[in-house]
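S.K.: Just dropping this structure here.
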Amino acid sequence: MTWLLIFLASSLLLLPLVVSIRRSTELFRIRVRAGTATFLRGRIPSGLLADIRDIVRTPPIDRVDIWAVRRSGKAQLETKGEISPEQSQRLRNVIGTYSLQRIQAGARPPRRRGK
C-alpha cells in the first residue's frame, strides 16, 4: 500500500514537469469556434494569424484547436477537432510559408476574439 502512495505522489509531482516539456516545443495555440479564431498563447506573426483567420472563416470551421510545434528545425501544424482535409492542407501551406525564426520572432497578440 505504501508503494502505491509513493507512486501516486511522485506522479503528481512529475506532472507539471511533463506538461512544461511538452509546451517547450509549442510555438502558438489557437482555438476556433464557429469560424472565429482566438489566440490562446505563444508567439505568432500578425500576418500568419490573419491568414489563419481567413482560412477558418470560409467555409466556417465549427470547432478545432490549432497549434504549431517545433520539429526538426521547422514549424509543424497540429490540429484537433472538426476540420476538413482541404482546410487542414490550406493551414499547413500557410504555416509552410513562414520560417521557424519568423514565427518565433512574432508578437504576442492580445487575447481577444478574432474578426
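Readers should treat all values here as calculations from the given coordinates under stated rules, not as data from a laboratory. Quick caveat, the model's predicted, so the values are computed rather than measured.
S.K.: By Kyte-Doolittle mean hydropathy of at least 1.0 and Cα axial length of at least 27 Å, which whole DSSP H helices of the chain are selected?
M.R.: 2-24
S.K.: Sticking with this structure for a sec: Per-residue ellipticity at 222 nm for the chain, helices alone: DSSP H runs ≥ 4 residues times -39500 (n - 2.57), over residue total, nearest 500 deg cm²/dmol?
M.R.: One gets -14500 deg cm²/dmol as the mean residue ellipticity at 222 nm.
S.K.: Something else about it: Report, as a whole number in µm² per second, the diffusion coefficient that Stokes-Einstein gives for the stretch 26-104 at 4 °C and 1.567 mPa s using the Kirkwood radius over alpha carbon pairs.
M.R.: 106 µm²/s
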